[in-house]
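One structure is given here, and the rest of the page talks about it.
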Amino acid sequence: MKNDCLEMDGFPVKITEAVCLGASLALSSICFYLYKKSRKTLDKLDDAPRFTIDGKLKHLLKVTPGACLQYAVIEGVVQPVGEPMASHFQKEIVGVLQRFMLREHRLVWNGLSRTWTDSERVLHQQVNAVPFVLVGSDENTVKVLYPLQATGVHMEITHEKFHQVNYGLGDIVGQYLSGEKLKGQLETEEMLKVGTTLTGIGELILDTDGTLNLRPPSDGSQYFLSIADFDTLRGEQESMAVWWKALAIASALAGAAILLWVGRQYYCRLKVRWEQEQERREFERLLAEAPRARITAADPEAPQDEVEEHVENACVICLSRPRNCILLDCGHVCCCHRCYQALPQRQCPICRQNILRVVPLYHV
């Protein structure tokens, strides 16, 4: 590592380029993994059989090996096993799942963008549940196990209220000094209400006591409970898969663009080296073609005592080798060929004009 570059076979790669390349590759890998996961879930949904909750379903499970369907889709009406829960804020609403959350909202000063950004923090969360079943058309039921492990929107907001904070003059001054403003607290209650039509996707089993149960799949497949129908749920999963695929492709293209950029820089650097080597060989060839140049022109690798006679024509850069090249088009004779090749830019050290070509200087 040198300054802000990484050396790659003598070619400096900027740290920002390496970080961007690594980030794009990591992001594309993560997005591709999530896409494959979403695609696998979508394929499982397409292959999952759909059943109506009735007497035929129980008979089907009786003749199924292990009395188990690893992945199945059912739909029924939510009914509690026992007494349901009442809403804390609307007593006429009853349900089987309840989530209460109290979140604090603040405005935090962002010095980089010079704006206030919203920040949220959960102060309190409480989840309550009672056993419930899904009821079919002929009063057959399927008991839903571990509903809190399921994904999908299966609760509705039954209460939402924002408690705004009133500020005094001292509070306002303190907020600007600390860089934080308390906006207030958001109070929400969500419930899975009794009588809601619910779509369940998971492992369907027939228990030894003759009850049908829906539970998370034992093979690790995704467990769904949703108030939307199956087609809507499948469409959401398909949209998610498309979204992750688009992100994976975009991040992969960004990584490829960075690789092309770095590769182009590397090629340009190698091209300069090839041109310098070709120029050096051409320079040596021109020196060798001049009979008197072999005697009078000092070789760049010659010892110091062989070039002492040319000290009056010493290179203005190294001050140790004789001037043995002419810089064109300006025509200045000021350096040796080795120092010319070491110039960071192809510009004359005397007049700063661009150097188009170099020819040997012969001393007679």
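The values are calculated or read from the model by the stated rules, or taken from the named source; none is laboratory data. Predicted, not measured: the structure shown is a model, and the values here were computed from it. For neighbour counting, all protein chains shown are included, and Cβ atoms are generated from backbone atoms with ideal geometry for every residue, glycine included.
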Scan of region 34-75 for residues that are in a loop (DSSP other than H, G, I, E, B) and either surrounded by 14 or more Cβ atoms within 10 Å (Cβ to Cβ) or over 36 Å from the mean Cα position of the chain (by Cα) (or both), ordered by number: 48, 53, 54, 63, 64
Taking strands (runs of 3 or more DSSP E) that fall entirely within region 78-193, which contain at least 2 residues that are not assigned by TED's automatic domain parsing to the domain that holds residue 210? none
Considering only region 126-157, how many residues are more than 19 Å from residue 193 (Cβ to Cβ) and either among the hydrophobic types (A, V, I, L, M, F, W, C) or more than 40 Å from the chain's Cα centre (by Cα) (or both)? 5
What's the number of the only condition in (1) over 30 Å from residue 65 (Cβ atoms); (2) under 33 Å from the mean Cα position of the chain (by Cα) that residue 175 fails to meet? (2)
Based on what the data block shows, is residue 31 among the hydrophobic types (A, V, I, L, M, F, W, C), at pLDDT below 90 and assigned to a helix (DSSP H, G or I)? no
Would you tally the residues in region 76-125 being more than 42 Å from the chain's Cα centre (by Cα) and loosely packed, with under 11 Cβ neighbours inside 10 Å? 4
Go through region 235-286 residue by residue and tally those that are in contact with a helix residue (DSSP H, G or I) (Cβ under 9 Å, 6 or more places away or on another chain), among the charged types (D, E, K, R) and closer than 20 Å to residue 15 by Cβ. 0
